Amino acid sequence: INPPSVLNSRTLIHTLSPLPATPFRPAAPTTSAMPPPGSAHPSFGLGALTFLGGAMGYAKTGSKASLGAGAVLGSLLLYSGVMISGEEQYRGHLLGSSSSAVMAAAMGKRFAASGKFFPAGVAAVLGAASAAYHGKKALEWKE
């Protein structure tokens with residue numbers, strides 16, 4: 001392409017813009033990122049809830065254990081969602097399943113001791129459901 005002799009905004013935009021699609025020339029590919037697959041959404045959702053729950057536990061009772069556990073388990077679940085979104089589906093689901101199982105066991109023990117369904121019982125149920133889901137998905141991806 002020869003540069004235009006008079007360079008103004010209209011000729012510059014016309015020169016840099018892709019040509020329109022025709023039957024003989026397909027449209028230029030778009031560079032937008034694809035959304036994460038549906039199987040990554042539970043990891044992202046539970047990871048964010050776990051992270052937020054740990055922060056709320058610290059804010060309400062000053063529990064550094066809640067803050068630490070929420071940050072670590074929430075981060076692991078968020079990272080498993082990133083792995084699932086990429087090319088590491090099996091390992092991502094395995095990480096999601098194991099992180100969720102740890103949360104279910106720890107919060108289940110706390111629920112059994114306190115008898116309070118919120119927050120320990122809710123976290124235990126969500127962790128167990130997530131562990132089962134990610135375990136099933138990991139078995140599907142294992143080859």
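The values are calculated or read from the model by the stated rules, or taken from the named source; none is laboratory data. Quick caveat, the model's predicted, so the values are computed rather than measured. As a convention, Cβ positions derive from the backbone with ideal geometry for all residues, glycine included, and neighbour counts pool all protein chains shown. Remember, those area values only see protein heavy atoms, side chains included, never the ligands or the DNA or RNA. Shrake-Rupley method; radii C 1.70, N 1.55, O 1.52, S 1.80 Å.
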Practice task
Note down all Cβ pairs under 8 Å where the first residue falls in the stretch 35-52 and is closer than 11 Å to Gly92 by Cβ, the second is open to solvent by 90 Å² or more (accessible area, probe 1.4 Å) and outside any loop (DSSP other than H, G, I, E, B), and they're at least six residues apart or on different chains.
Solution key: none
Fill in the blank from the handout: Inside the stretch 45-67, the number of residues satisfying the requirement of being part of a helix (DSSP H, G or I), over 17 Å from Val102 (Cβ atoms) and of a type in the set (Gly, Ala, Ser) is 4
Practice task
With respect to Leu94, determine if the residue is open to solvent by 70 Å² or more (accessible area, probe 1.4 Å), of a type outside the set (Asp, Glu), at pLDDT 95 or above and farther than 23 Å from Lys60 by Cβ.
Solution key: yes
Exercise for the section: Would you check which residues across the stretch 110-125 are farther than 14 Å from Ser63 by Cβ and among the basic types (Lys, Arg) and list them? Expected result: Lys116
Practice task
Could you please find all residues in the stretch 97-143 being open to solvent by less than 70 Å² (accessible area, probe 1.4 Å) and of a type in the set (Lys, Arg)?
Solution key: Lys137
Handout entry: Search result, residues across the stretch 68-89 that are open to solvent by less than 30 Å² (accessible area, probe 1.4 Å) and β-branched (Val, Ile, Thr)
Key = Ile84
Completion exercise
The residue from Ala33, Ala120 that alone is touching a Ser or Thr at 6+ places or on another chain (Cβ under 7 Å) and at pLDDT below 95 is Ala120
